[in-house]
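Worksheet: the structure to be examined is printed underneath.
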Amino acid sequence: MNVASMTINPSLDTARADFPILNQEVAGKPLVYLDNAATTQKPKAVLEAMQHYYLWDNANVHRGVHTLSQRATMAFDEARLKVQRFINAKLPEEIIFVRGTTEAINLVAQTMGKRLVPGDEVVISALEHHANIVPWQMLREERGIVLRVLPIDDTGQVCLDQLPALLGQRTRLVAVGHVSNALGTVVPVKTIIEMAHSQGIPVLVDGAQAIPHLPVDVQGLDCDFYAFSGHKAYGPTGIGALYGKKTWLESLPPWQGGGDMIRSVSFEKTTYSEPPAKFEAGTPHIAGAIGMGVALDYLETMGMAAIAAHDEMLCRYAADRLAEVPGLRLIGTAADKSAVVSFVMEGVHSHDIGTILNSEGVAVRAGHHCAMPVMERFCVAATTRASFGLYNTMADVDALVVALGKVRHLFR
Ligand code: 7TS
């Protein structure tokens, strides 16, 4: 399906019109959706592409000679090319379709992990989402590896100066988030990659929160792996991508076994396909890949530089306006931040804040944001988090501040 023929509105100013879901009331108030770090809403173009696929082209990929299967295969392969282009990967076979960031990181942990021996080390940071902590802890249990953690400072930025002391002869991988989901900190991943590579150590970047907000160039970063989810970038749930350098994907053992990932099977011996098929056993989420491809087209049409500037403006405006709310303290004040404001209010639990904001039509997330070590670092049990998408406006921030005034009033 030709994207140009679909419902794309190529301007951030009018982007809201592409997202009908935003045009509704919650608790009798206009919905103000500020939970984009959890998941973004989907533009009509994505929904239309997925519906078109199911209405007209639905068939399994890579196995049929019939027309529908050919069409499905073409659309699926085209989606891979879109991901390749969006993150500037050198080759389409460097893109593995997965369920999302979580699955991408587990894929690397479980395949690379097979070769790790007790005492081998993996370095992560104190900013990570649980998806980039727990898979490495599971490897620690299974294989006796050592997990080293790069600390963060009081602003929520990683302490880069402490990285050299964590990298050594036994370091097998550095795995870091590009943008923190809990605080919005933009991590200097390029510098981290340079530092790790100078010692021959590969780097995996968790890009879940970066992909919808920053231009990402995997060749420019020179990362070895880059993981992200479609649903945080205006695409559907259940689909994401793992970028891996060709040499890595060729050298890693296969992951799940099944159809599509083999070249030949006999009871005596099975040989495996080349990447990406080697890592994509079974029927993939075809409609999801197509939807994610269109979501990336949508982002490209809007322009990642324009989106990043919009995010930065909203983030700065929100920090200024929130400073006016009595008793409110921002958690995460790094100089380089993207699209997230996290805060606590004196004497009010985050869940109460979230509930009251909801009664004012304002959707935020309250809790530990699957980043419990970050909460621990700032000595808080939870925060309230407002996270922005390309359709959010300064008026949305104003609505948040007005609703927080109600919270203040109720808990006075
Ligand atoms: N990494 C980061 C940095 C994330 O923010 C998330 C999800 C994940 C990994 C996992 O992504 P998934 O698509 O595989 O689930 N973060 C959030 C969040 O902040 N609120 O809900 C989910």
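The values are calculated or read from the model by the stated rules, or taken from the named source; none is laboratory data. A quick note: this is a predicted structure, and the numbers were derived from the prediction, not measured. Quick reminder, even Gly has a Cβ in these numbers, built from the backbone with ideal geometry, and neighbours come from all protein chains shown. Only protein heavy atoms, including side chains, enter the accessible area calculation; ligands, DNA and RNA are left aside. Shrake-Rupley method; radii C 1.70, N 1.55, O 1.52, S 1.80 Å.
Per the 1.4 Å probe, what fraction of the accessible area of region 122-161, in percent, lies on carbon and sulfur atoms? Show your work: numbers first, answer last.
Values: 850 of 1680 Å².
The computed percentage sits at 51.
Screening the chain for DSSP H helices whose Cα atoms reach 20 Å or more along their own axis and whose mean Kyte hydropathy is at least 1.0 gives 286-302. Of all beta bridges that DSSP places with both ends in region 132-271, some 55 percent have antiparallel geometry.
Overall, region 303-410 carries a charge dipole of about 160 debye about its Cα centre when +1 sits on the Cβ of Lys and Arg and -1 on the Cβ of Asp and Glu, all other atoms neutral. Along the axis of the charge dipole computed for region 49-300 (Cβ charges of +1 for Lys and Arg, -1 for Asp and Glu, origin at the Cα centre), the listed residues Ser125, Gln162, Pro202 are led at the positive end by Pro202.
Taken along the Cα-to-beta-carbon direction at a fixed 7 Å, the label points for Val402 and Asn58 span 4.3 nm.
What FRET efficiency comes out for the pair Met394/Thr271, r = Cβ-Cβ distance, R0 = 45 Å, nearest 0.05? My answer for the efficiency is 0.20. Count Lys and Arg as plus one, Asp and Glu as minus one, and take only other residues whose Cβ is under 14 Å from that of Ala75; the net charge is then -2. Rg then Dmax, both in Å and based on the Cα atoms of the chain: 21.9, 74. Antiparallel beta bridges, as assigned by DSSP with both residues in the chain, represent about 60 percent of the total such bridges. When both region 313-349 and region 116-195 are represented by their alpha-carbon centers, they are found 26 Å apart. Along the axis of the charge dipole computed for region 49-300 (Cβ charges of +1 for Lys and Arg, -1 for Asp and Glu, origin at the Cα centre), the listed residues Ala175, Leu81, Ala281 are led at the positive end by Ala281. Roll a 1.4 angstrom probe over the protein heavy atoms and tell me the percent of accessible area of region 25-86 that is carbon or sulfur. Heavy-atom surface of region 25-86 belonging to carbon and sulfur, 1.4 Å probe: 59 percent. Simple spin-label estimate for Phe411 and Asp161 gives 3.6 nm between the two label positions (7 Å along the Cα-to-Cβ direction from each Cα).
Accessible surface calculations at 1.4 Å, restricted to protein heavy atoms, place the chain at 41 Å² per residue.
Loop only per DSSP, at most 13 neighbouring Cβ atoms within 10 Å: give me the GluC sites (Glu not before Pro) in region 315-412, ordered by residue number.
Sparse-neighbourhood loop GluC sites (Glu not before Pro): Glu324, Glu346.
Remark: the Cα gyration tensor places region 303-410 in the oblate category, a/c being 1.5 or greater and a/b not exceeding b/c.
When +1 charges are put on Lys and Arg Cβ atoms and -1 charges on Asp and Glu Cβ atoms, the dipole computed for the chain relative to its Cα centre reaches about 520 debye.
Applying 1/(1 + (r/R0)^6) with r as the Cβ-Cβ distance of Arg140 and Leu91 and R0 = 35 angstrom yields a FRET efficiency of 0.60.
For the pair Asn23 and Arg263, label points projected 7 Å from Cα toward Cβ lie 5.4 nm apart.
Peptides 390-397, 20-27 ranked from most to least packed, by the mean per-residue count of other Cβ atoms within 10 Å: 390-397, 20-27. Computed from point charges on the beta carbon alone (+1 for Lys and Arg, -1 for Asp and Glu), the dipole magnitude for region 218-376 about its Cα centre is near 260 Debye. The GluC sites (Glu not before Pro) found in region 259-312 that occupy coil by DSSP, while having at most 12 further C-beta atoms within 10 Å, are Glu268. Each Lys or Arg adds one and each Asp or Glu takes one away; over the other residues whose Cβ falls under 15 Å from the Cβ of Ile145, this sums to +3.
Among the listed pairs Lys82/Lys114; Lys232/Lys337; Lys29/Lys406; Lys114/Lys190; Lys245/Lys278, those whose Cα-Cα separation exceeds 21 Å are Lys82/Lys114; Lys114/Lys190. Our helix-only sum for the chain, with -39,500 (n - 2.57) per DSSP H run of n ≥ 4 divided by its residues, gives a mean residue ellipticity at 222 nm of -10500 deg cm²/dmol.
Going toward the positive end of the dipole of the chain, with +1 on Lys and Arg Cβ and -1 on Asp and Glu Cβ, which of His66, Pro215, Thr384 do you reach last? In the chain, that residue is His66.
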